[in-house]
Amino acid sequence: MRFYVPTDIYVEKDCVKNHAKEMLAVGKRALIVTGHSSAKANGSLNDVTEVLNDGGVAYQIFDEVEENPSTDTVRKGAQIARESNADFIIGIGGGSAIDAAKAMALLIVNPGLNADDLHKTPSHPLDHAPVVAVPTTCGTGSEATPVAIITNHKINLKKSIPHRIFPVLALVDGKYLASAKKQLIVNTAVDALSHMVESILNVHSNTLNRMCPEYGLKLLGECKEALIASVAANNSATQNTSQNAAPIDASLYEKLMLTSTIAGMSIAMTSTAVPHGMSYDLTLCKGTPHGPAVGYFLAAYVEICHKKVPNDVEKVLSLLGLQSVEEFAEMLQKLIGTCTVTRELRDQFATAMKTNHSKLDLVPGGITPEEVEYIYDKSLMVK
Ligand code: NAP
Ligand code: FE
């Protein structure tokens, strides 16, 4: 058994300022990589630039990362990094900005590597520039994983690249969630939930690496009523919904961020499984945000695993404070609703998934083509 997360991780309020010294030690010239606007609005960009200004580290800002970052964006950012002689990359934002930062860190020290070839497996591990990660969503845990998920529109592929890029430093502060819409918090929390569930219901799960998802699921269980209440409050203008709990507020931001980082550490050890494998085509074809795209498949995956590893599924449910797989499915439905696709798309997704052995081979006890079909039938409404 092995546990290996080499990232120096701090989770606390005012983390970026508190650990200025650690960030300034990473390099002499930074490229800051963000999405279009959220890092400016939530104060994270300002926190980072203040530290760099005070510490005399030069920087350039690349604020063009889109959701589900593309090879073209990564190429553009890496070009700017090279032109400004950046020797490290700071990714600020959700998983999209941090993943793009990782891929740029790879390209800047491998000038022979074309962005369009990022998904090709290299003959030997490639080096990369150091990455600092400042997450502002509570979902991907990218600050604590070696994974970068990049989309190549030329070949219609959304997938993790085969290169392993752990950030050297992760500065995790829940306060950046204050400006996020409640549904973004809920959607990304569903991603973190999926990471932990897929990490336990996984052939690579063992007693050592389970310490992360088991603790994280307990934390998420403590937030679940508030997450459900937030969605209900959002919908209350159109529906007469009764709520038992208060919606998410500042008191839960740090817990949600911590859970997300722990969920990242979970998949760093096991990798994600079938629901993530199924999500990528849904996002690619319908633009479904990552958290719900995974979450739609999660309950049926848990149901299938219940037949194979019942004790593990019971453990997941009890940590979340749930009684049954049905209750788990109901919780997800309250959080993200349902997803409808055409028959043609559903069949196209299922056919492709049946050959995706990188994910299918991770199911404890194996999975049959009929069970793959069952997950699609149970998870997607067909019109
Ligand atoms: P995201 O795509 O990074 O961001 C979604 C949206 O939220 C963007 O419009 C962004 O705006 C906005 N946003 C971010 N932080 C905000 C804040 N604090 N307040 C208000 N708005 C905010 O979302 P994500 O779910 O975190 O990342 C999804 C990506 O990560 C997918 O590509 C997924 O496949 C990948 N992923 C990676 C890993 C991994 O281990 N590396 C694991 C799971 C998923 P701006 O564009 O203006 O910033
Ligand atoms: Fe994910």
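Of all residues in the range 16-56, those satisfying the criterion of being closer than 22 Å to K181 by Cα and not in a loop (DSSP other than H, G, I, E, B) are V33, T34, G35, S38, A39, K40, A41, S44, L45, N46, D47.
Considering the range 113-136, the residues that are among the small types (G, A, S) and touching a residue at least 40 places away in the same chain (Cβ under 8 Å) include one that is surrounded by the most Cβ atoms within 10 Å (Cβ to Cβ), namely A133.
The single condition from (1) of a type outside the set (D, E); (2) open to solvent by 10 Å² or more (accessible area, probe 1.4 Å); (3) within 19 Å of H195 (Cβ to Cβ) that V302 fails is (2). Looking across N53, N46, one residue alone is at pLDDT 95 or above and either within 24 Å of the chain's Cα centre (by Cα) or of a type in the set (K, R) (or both). It is N46. All conditions in (1) open to solvent by 40 Å² or more (accessible area, probe 1.4 Å); (2) within 22 Å of D99 (Cβ to Cβ); (3) touching a residue at least 40 places away in the same chain (Cβ under 8 Å) hold for K175, with the sole exception of (2). Residues being open to solvent by less than 10 Å² (accessible area, probe 1.4 Å) and among the hydrophobic types (A, V, I, L, M, F, W, C): count how many of those fall in the range 38-50. So the count comes out to 2. If we keep just the residues of the range 7-40 that are within 16 Å of ligand 1 (Cβ to nearest atom) and among the hydroxyl-bearing types (S, T, Y), which is farthest from the chain's Cα centre (by Cα)? Here the answer is S37. Could you check the range 182-236 and list, in sequence order, the residues that are aromatic (F, W, Y) and either touching a residue at least 60 places away in the same chain (Cβ under 8 Å) or crowded, with 21+ Cβ neighbours inside 10 Å (or both)? Passing the criteria: none in range.
If I ask for residues that are of a type outside the set (F, W, Y), in a helix (DSSP H, G or I) and more than 22 Å from S205 (Cβ to Cβ), which ones from the range 361-381 would you list? Scanning the range 361-381 gives P369, E370, E373, D377, K378, S379.
Against the numbered list (1) over 20 Å from the mean Cα position of the chain (by Cα); (2) surrounded by 17 or more Cβ atoms within 10 Å (Cβ to Cβ), G365 comes up short only at (2). Can you tell me how many residues within the range 192-234 are outside any helix (DSSP H, G or I) and not aliphatic (A, V, I, L, M)? Count: 7. Flag: G91 does not match the condition of being part of a helix (DSSP H, G or I), in the same structural domain as T49 (by TED's automatic domain parsing), closer than 30 Å to A189 by Cβ and not hydrophobic (A, V, I, L, M, F, W, C).
Among (1) at pLDDT below 95; (2) within 16 Å of ligand 1 (Cβ to nearest atom), where does A180 come up short? Here A180 meets the rest and fails (1). For the range 58-101, a residue qualifies if it is under 24 Å from L256 (Cα atoms) and open to solvent by 50 Å² or more (accessible area, probe 1.4 Å), and the qualifying residues are E66, E67.
Given the criteria assigned by TED's automatic domain parsing to the domain that holds D72, within 9 Å of ligand 1 (Cβ to nearest atom), surrounded by fewer than 24 Cβ atoms within 10 Å (Cβ to Cβ) and at pLDDT 95 or above, does P146 qualify? Break it down stepwise before answering.
Details: assigned by TED's automatic domain parsing to the domain that holds D72: yes; within 9 Å of ligand 1 (Cβ to nearest atom): yes; surrounded by fewer than 24 Cβ atoms within 10 Å (Cβ to Cβ): yes; at pLDDT 95 or above: yes.
Yes, satisfied.
With within 16 Å of ligand 2 (Cβ to nearest atom) and either modelled with pLDDT of 95 or more or assigned by TED's automatic domain parsing to the domain that holds D72 (or both) as the only criterion, which of G216, G174 stands out? First the steps, then the outcome.
Working: G174 fails: within 16 Å of ligand 2 (Cβ to nearest atom).
Result: G216 is the single residue among G216, G174 that is within 16 Å of ligand 2 (Cβ to nearest atom) and either modelled with pLDDT of 95 or more or assigned by TED's automatic domain parsing to the domain that holds D72 (or both).
Checking each residue in the range 311-361 for being over 24 Å from L219 (Cβ atoms) and open to solvent by less than 20 Å² (accessible area, probe 1.4 Å) picks out C339, V341, R346, F349, A350, M353, L360.
Looking at the range 149-161 only, could you name the residues that are under 24 Å from G295 (Cβ atoms), more than 8 Å from ligand 1 (Cβ to nearest atom) and open to solvent by 20 Å² or more (accessible area, probe 1.4 Å)? Within the range 149-161, N156, L157, K159 qualify. Each residue in the range 18-37 was checked for being open to solvent by less than 40 Å² (accessible area, probe 1.4 Å) and either touching a helix residue (DSSP H, G or I) at 6+ places or on another chain (Cβ under 9 Å) or aromatic (F, W, Y) (or both), and 9 pass.
Check whether at least one residue in the range 125-138 is of a type in the set (V, I, T) and within 16 Å of ligand 2 (Cβ to nearest atom), and report yes or no.
Here is the first cut: in the range 125-138, the ones of a type in the set (V, I, T) are 131-132, 134, 136-137.
Next cut, within 16 Å of ligand 2 (Cβ to nearest atom) only: 136-137.
So far as the range 125-138 goes, yes, one or more of its residues are of a type in the set (V, I, T) and within 16 Å of ligand 2 (Cβ to nearest atom).
Exactly one residue among D8, D54 is open to solvent by 80 Å² or more (accessible area, probe 1.4 Å) and more than 23 Å from Q79 (Cα to Cα), and that residue is D54.
The values are calculated or read from the model by the stated rules, or taken from the named source; none is laboratory data. Not measured: the values here are computed from a predicted model. Virtual Cβ from ideal backbone geometry, glycine too; neighbours counted across all protein chains shown. Keep in mind that these areas ignore ligands, DNA and RNA; they rest on the heavy atoms of the full protein, side chains included. Shrake-Rupley method; radii C 1.70, N 1.55, O 1.52, S 1.80 Å.
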